[in-house]
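Okay, structure first, notes after.
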Amino acid sequence: MIGIISDTHENEEAIKKAVKIFKRKNVDFAVHCGDIVCPPMLEHFKGLKMKFVYGNNDGERTGLNSKSKGLGWGEVADEKEFEHNGKKFYVYHGTKKKKLDAAIKSNKYDYVLTGHTHIKRDERIGRTRVINPGALFRIYPYTIALLDAEKDRLDFVEIKR
């Protein structure tokens, strides 16, 4: 099980609730699709294995990268590719629509994980399933997602205020 979260924008209470859900569901790891905003927010993800990409509101890139490495999660990048259980993933915040669309249409990935719009998305384009977990900021209800890639099952989970 993979946890997917995006656009947390320093919403500490909602982040804490999301992390509790990820821990309760025993996710293998969680992916943050950008807009963390500042390094102290990473502390809330302790106890999880994490992958992070930058969003357009992540101004403290050096600090975020340093903090992520210090917590054992590796580098924060503009985009990430990885494999999990034989499935290929691409993660990009989605700031540049042409770049996002090119990755989706490339047919190289089983899953493209994105954020930016704050709107949930679950769409299959060719062989690629595009997932935006929604956001923990501005647009309510706040949502995260849980993906069982082996079964290709996705559940959106509402984070209560």
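The values are calculated or read from the model by the stated rules, or taken from the named source; none is laboratory data. Bear in mind that the values here come from a model prediction, so they are computed numbers and not experimental data. Note that we place each Cβ from the backbone using ideal geometry, even for glycine, and neighbour counts take in every protein chain shown. Surface areas here come from the heavy atoms of the whole protein model, side chains and all, with no ligands, DNA or RNA. Shrake-Rupley method; radii C 1.70, N 1.55, O 1.52, S 1.80 Å.
If I go through segment 95-121 residue by residue, how many of them are part of a loop (DSSP other than H, G, I, E, B), over 21 Å from residue 157 (Cα atoms) and either among the polar types (S, T, N, Q) or open to solvent by less than 60 Å² (accessible area, probe 1.4 Å) (or both)? Residues flagged as part of a loop (DSSP other than H, G, I, E, B), over 21 Å from residue 157 (Cα atoms) and either among the polar types (S, T, N, Q) or open to solvent by less than 60 Å² (accessible area, probe 1.4 Å) (or both) within segment 95-121 amount to 5. Strands (runs of 3 or more DSSP E) fully within segment 1-72 that include at least 2 residues being among the β-branched types (Val, Ile, Thr) and either in contact with a His (Cβ under 7 Å, 6 or more places away or on another chain) or open to solvent by less than 30 Å² (accessible area, probe 1.4 Å) (or both): 2-5.
When residue 142 is tested against the conditions (1) touching a residue at least 40 places away in the same chain (Cβ under 8 Å); (2) open to solvent by less than 30 Å² (accessible area, probe 1.4 Å), the lone failure is (2).
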